1. Among the residues of the stretch 48-76, write down those that are among the β-branched types (Val, Ile, Thr) and either in contact with a Phe, Trp or Tyr (Cβ under 9 Å, 6 or more places away or on another chain) or under 15 Å from Val144 (Cα atoms) (or both).
2. Within the stretch 158-168, is even one residue in a loop (DSSP other than H, G, I, E, B), in the same structural domain as Glu225 (by TED's automatic domain parsing) and within 17 Å of Ile352 (Cα to Cα)?
3. When Asp156 is evaluated against the numbered criteria (1) closer than 16 Å to Thr84 by Cβ; (2) buried (at least 21 other Cβ atoms within 10 Å of the Cβ); (3) more than 21 Å from the chain's Cα centre (by Cα); (4) touching a residue at least 60 places away in the same chain (Cβ under 8 Å), which criterion, by number, is the only one it fails?
4. Answer yes if at least one residue in the stretch 18-32 is aliphatic (A, V, I, L, M), more than 22 Å from Thr131 (Cα to Cα) and out of contact with any Pro (no Cβ under 7 Å at 6 or more places or on another chain), and no otherwise.
5. Is there a residue being touching a Cys at 6+ places or on another chain (Cβ under 8 Å), assigned by TED's automatic domain parsing to the domain that holds Leu272 and in contact (Cβ under 8 Å) with a residue 12 or more places away in the chain anywhere in the stretch 322-343?
6. Looking at (1) part of a loop (DSSP other than H, G, I, E, B); (2) more than 29 Å from Ala221 (Cα to Cα); (3) within 25 Å of the chain's Cα centre (by Cα), which one does Asn108 not meet, given that it meets all the others?
Amino acid sequence: MPIIKSISGIRGTLGEKSGEGLDPLLVVQYCLAYATWLKRSQPDGRINIVVGRDGRISGEVLENLVVATLRSAGVDVIQTGLSTTPTLEMAVVFAKADGGIILTASHNPANWNALKFFDAAGEFISPEVGTQLLAMVEGNDFDVAKEDELGTLVLDNSFMQQHVEAVLDMPVIDRKAIADAQFTVVADAINSTGGIILPMLFDALGVKYKILFGDCDGKFAHNPEPLPAHLTDLTLSVKEMKADMGISVDPDVDRLALVCENGELFGEEYTLVAAADYILTKTKGNTVSNLSSTQALRDVTIAHGGQYYGSAVGEVNVVAKMKETNAVIGGEGNGGVIYPALHYGRDAIAGIAMILSLMATRKKSLSQLRSGYPAYFISKNKVELKAGTDVDAVLRTIEAQVRSEAKGINTIDGLKVEYGHEWVHLRKSNTEPIIRIYSESRSETEADALAKKFVEMILRNT
């Protein structure tokens, strides 16, 4: 599998030929580039970076390589060991560090890993910085330290507990109502760091719980993507225990999917909708999600008197739009909840606390809450094109063809065409000659039909 270089870091499979995956040389080069960029941007004083990893088997080896590389560049390191991505983001702020690195490939299978880089605010580095790092790697433009300038190392595994405490200290979280409700939950931790932090959260809230796959040994019990076929153990356990809710987190615990008490999936797209519904009852304001997320968030936001904004796909883009619009909550339809009063990052721990507060204060089951939200269905498709196809030209042609019939056109990230109660979003892949097609409507049949219409348009224009 080719290495994937994005604005936030690098991702790839292990065990490939050099240059074709996430090999040790590339890890060293990117860490040197990141350390060099930080030191050059802050030439006075020592640089301090927090480093952690999710539960993947490859994580410990790569983490040690990252730590050694940073220290060789004269950077002082705080090593957390096992961590979640939102915990690492908050640790940067807790430690008053200059940056952070988390080793995780999020929802990708176990043979993947990645390096994600954060700035001093605990947020993903900007696209501009990501471009600089890539140029430094390609130009071998690194600085290393002299013998008496090598970085120091401090081990600190307290950040997950600090993270939980920060979430529960948020005024919007109703700890008493949650405790009084005496909830029982089942959580699928995929044998990664959710198995460590979720018990901390549930114990602090007085919630009864059962953890599935909580060993944190990196041996994923199933594909980490929270699709129905991968959550059969969770849904069965929810029904067997007569639990109030099932919880699925990905390996780095920044995405959250829910299962209702009747064993039916809540819908990953609706995690953010429910969290926003709760927050907007506490704080009036705006919301943001990416263009491929459900329009149910827009409907709920308007119902609360706020305004909804769409952003380009990608957490860094969502965060930028949230800051621009002063949004009180935002995120992505993949179960990513971003609450700026806590930090600007997707956080499943914050999301769980919000959903439990929502259930407890409204005294409604998860299925009752779900039935109260607008019902939409998303269809996801793709069209593979011949190598060399000018995808941008294809999208421009389709835009011209549909402009007269559309109620809205958005081109900040591919092409999104809105038709009132339904929409379609066309995005090109950055690594393959592919156009991805996301469509949403009030029924699966309508969503599929809309997708089919645009697939045919793409094929006619290529």
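1. Answer for the stretch 48-76, where residues must be among the β-branched types (Val, Ile, Thr) and either in contact with a Phe, Trp or Tyr (Cβ under 9 Å, 6 or more places away or on another chain) or under 15 Å from Val144 (Cα atoms) (or both): Ile49, Val50, Val66, Val67, Thr69, Val75.
2. No.
3. (2)
4. At the first step, the residues of the stretch 18-32 found to be aliphatic (A, V, I, L, M) are 22, 25-28, 32.
This time we only want the ones that are more than 22 Å from Thr131 (Cα to Cα), so: none.
Among the residues of the stretch 18-32, not one is aliphatic (A, V, I, L, M), more than 22 Å from Thr131 (Cα to Cα) and out of contact with any Pro (no Cβ under 7 Å at 6 or more places or on another chain), which makes the answer no.
5. no
6. All conditions are met except number (2).
Yes/no per residue for (1) surrounded by 15 or more Cβ atoms within 10 Å (Cβ to Cβ); (2) of a type in the set (Phe, Trp, Tyr):
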site	(1), (2)
Ala166	yes, no
Val172	yes, no
Phe183	yes, yes
Gly194	yes, no
Gly206	no, no
Tyr209	yes, yes
Asp217	no, no
Leu231	yes, no
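The rows are residues; the columns are (1) over 30 Å from Phe220 (Cα atoms); (2) assigned to a strand (DSSP E or B); (3) assigned by TED's automatic domain parsing to the domain that holds Asp250.
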{"position": "Ala121", "(1), (2), (3)": "yes, no, no"}
{"position": "Gln132", "(1), (2), (3)": "yes, no, no"}
{"position": "Asp141", "(1), (2), (3)": "yes, no, no"}
{"position": "Asp148", "(1), (2), (3)": "yes, no, no"}
{"position": "Val172", "(1), (2), (3)": "yes, no, yes"}
{"position": "Asp180", "(1), (2), (3)": "yes, no, yes"}
{"position": "Gly195", "(1), (2), (3)": "no, no, yes"}
{"position": "Leu201", "(1), (2), (3)": "no, no, yes"}
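The values are calculated or read from the model by the stated rules, or taken from the named source; none is laboratory data. None of the values given here were measured: they were computed from a predicted structure. No Cβ is skipped: glycine too gets one built from the backbone with ideal geometry, and neighbour counts run over all protein chains shown.
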